[in-house]
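Visitor: Following this message is one structure expressed as structure tokens.
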Amino acid sequence: MREVPIRTRRWTRREYGRLIDVGVLHEDDAIELLDGRLIVAEPQHAPHATAIDLAGEALRQAFGPGWRVRVQLPLALGPNSEPEPDLAVVRGNARDFLADHPATAALVVEVADASLRLDRMVKARIYARAGITDYWIVNLVDRVVEVHRDPVSAGRRGSRYRYVSTMAPDDRIVPLAAPFASIVIADLLP
């Protein structure tokens with residue numbers, strides 16, 4: 001018997017928004033639009049949720065006034081991606097985003113256990129293509145933070161970060177957009 005190829009369809013941010021508007025999807029559904037694909041988010045276990053809380057607290061202290069630390073809220077990254085990173089640090093205040101989600105961030109942080117491969121591959125490409133200069137993965141599997149910097153935008157598949165390093169719990173990290181702040185990696189880990 002001949003195998004029939006499976007056809008898929010990519011979605012745009014506009015279509016994704018329409019699916020929410022007409023009630024097919026709900027705003028609280030655990031779904032992200034990544035490169036035109038609707039991806040179901042992994043459930044959060046207690047260590048994952050704790051790491052988000054710890055990172056949010058550390059980032060609020062590091063960045064201070066004039067910055068928003070958005071927790072699991074969308075970013076409008078091009079016509080085909082609307083990820084909901086665990087944390088995104090953006091300039092401004094909450095009312096600045098009434099018309100649309102932020103189109104960039106000074107820093108994006110993903111907390112990863114089961115989603116580690118997705119965060120390293122798919123999300124890293126999306127964030128690099130969008131020009132996010134500072135992208136961190138709080139890797140709960142290995143208890144480290146993976147720091148991705150210096151994005152290279154080269155189309156949907158070729159975008160990447162030139163600089164990727166791994167930081168241990170005793171190390172300190174300085175966010176690019178908050179050069180006078182220093183965060184101990186252990187403060188980000190549950």
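Visitor: Tally the residues that are modelled with pLDDT of 95 or more and either surrounded by fewer than 17 Cβ atoms within 10 Å (Cβ to Cβ) or among the β-branched types (Val, Ile, Thr) (or both), restricting the search to segment 73-90.
Guide: Residues flagged as modelled with pLDDT of 95 or more and either surrounded by fewer than 17 Cβ atoms within 10 Å (Cβ to Cβ) or among the β-branched types (Val, Ile, Thr) (or both) within segment 73-90 amount to 2.
Visitor: When you go through ALA114, ALA178 one by one, which is the residue that is farther than 25 Å from ILE31 by Cα, of a type in the set (A, V, I, L, M) and over 13 Å from the mean Cα position of the chain (by Cα)?
Guide: So the residue among ALA114, ALA178 that is farther than 25 Å from ILE31 by Cα, of a type in the set (A, V, I, L, M) and over 13 Å from the mean Cα position of the chain (by Cα) is ALA178.
Visitor: Taking segment 135-160 as the search range and keeping residues that are more than 24 Å from ARG68 (Cα to Cα) and either crowded, with 16+ Cβ neighbours inside 10 Å or charged (D, E, K, R) (or both), which one is modelled with the lowest pLDDT?
Guide: Going through the qualifying residues, I end up with ARG156.
Visitor: Hey, can you tell me all the residues within segment 6-64 that are of a type in the set (S, T, N, Q) and either touching a Lys or Arg at 6+ places or on another chain (Cβ under 7 Å) or within 16 Å of LEU87 (Cβ to Cβ) (or both)?
Guide: GLN44, THR50, GLN61
Visitor: Oh, and also: Out of segment 91-129, which residues are closer than 23 Å to ALA51 by Cβ, surrounded by fewer than 17 Cβ atoms within 10 Å (Cβ to Cβ) and touching a Lys or Arg at 6+ places or on another chain (Cβ under 8 Å)?
Guide: Residues satisfying the conditions do not exist here.
Visitor: What residue, of VAL164, VAL138, is over 19 Å from LEU59 (Cβ atoms) and either within 16 Å of the chain's Cα centre (by Cα) or of a type outside the set (Gly, Ala, Ser) (or both)?
Guide: That would be VAL164, the only listed residue that is over 19 Å from LEU59 (Cβ atoms) and either within 16 Å of the chain's Cα centre (by Cα) or of a type outside the set (Gly, Ala, Ser) (or both).
Visitor: Separate question: Suppose the filter is at pLDDT 95 or above, within 18 Å of the chain's Cα centre (by Cα) and not charged (D, E, K, R); does PHE97 pass it?
Guide: no
For every residue, the table says whether it meets (1) free of Cβ contacts under 8 Å to residues at least 12 places away in the same chain; (2) not small (Gly, Ala, Ser).
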| residue | (1), (2) |
| --- | --- |
| ALA58 | no, no |
| VAL69 | no, yes |
| ASN80 | no, yes |
| PRO85 | no, yes |
| ASN93 | no, yes |
| PHE97 | yes, yes |
| ALA103 | no, no |
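The values are calculated or read from the model by the stated rules, or taken from the named source; none is laboratory data. Just so you know, these numbers come straight off a predicted model, no measurement behind them. Every residue, glycine among them, receives a Cβ derived from its backbone with ideal geometry; neighbour counts consider all protein chains shown.
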